[in-house]
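Trainee: Here's a structure for you.
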Amino acid sequence: MLSAFSVSNTPQEAMRRIIEQPHSDIKQQKELDLAKLEKEQEAKLAQIQNEKDIEALKVKQNIEITKDKHDTDVKLKEIDFKKDSTIAEMKYGSIEKQKAEDNKMLIAISILVFILIYIYLKYQKNLAQIELEKEKEYKDLLAKKEYAERILSIVATGNISVETEHKLLRILDELNNPHIHSQNSGAIIHHPNPDIEQLPFEKNI
């Protein structure tokens, strides 16, 4: 009220101011309340916006974390795949190398077995040849023995001439020493006596 009189030039103006003062105070209060409400709303909106920004940031961070995790998983899988591939290639290479070594070993063994079989067969052939030669030599000795015994039996009878006896003894000597009288080895003896004529004479028996 005092302020109304102090700022008024006339009592009427002061009264008017006094009458209008409550309305003015109410208006100011409303303006203050409105301004306060606006500030509160702005603060709430700012808080909501901040919460939205924070939530969006969290979502973005989660997305980035998920993406990083996915990328990391992909890289780890790639590393595992490369590792497995390398191990598989090494194993395959090792197996192939072992197969090659085994094949070389089998070839060497096959060649060695072939050589041994060849040597064995050659030895058996030589052995068989030696046996045949021994058998032939044995048969020849038996034939010579029988021939000599027959000559001696004919000579022992005394029913032959001296010339025939000498010839038979010479034949007997050639049987025992075939290289001494080789110049006469081709001679064929004929005698009137059928027993002597039938003697089985063979050259160089």
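Just so you know, all these numbers are worked out from the coordinates, no wet-lab data involved. A quick note: this is a predicted structure, and the numbers were derived from the prediction, not measured.
Trainee: What lysines sit close enough to residue 60 to cross-link, taking a C-alpha to C-alpha distance under 20 Å and skipping anything fewer than 8 places away on the same chain?
Mentor: Within reach: 52, 69.
Trainee: Among all the lysines, which ones have a C-alpha under 23 Å from residue 36's C-alpha, if same-chain residues fewer than 8 places away are not counted?
Mentor: Counting by Cα, and skipping residues close in sequence, residue 36 has these lysines nearby: 27, 44.
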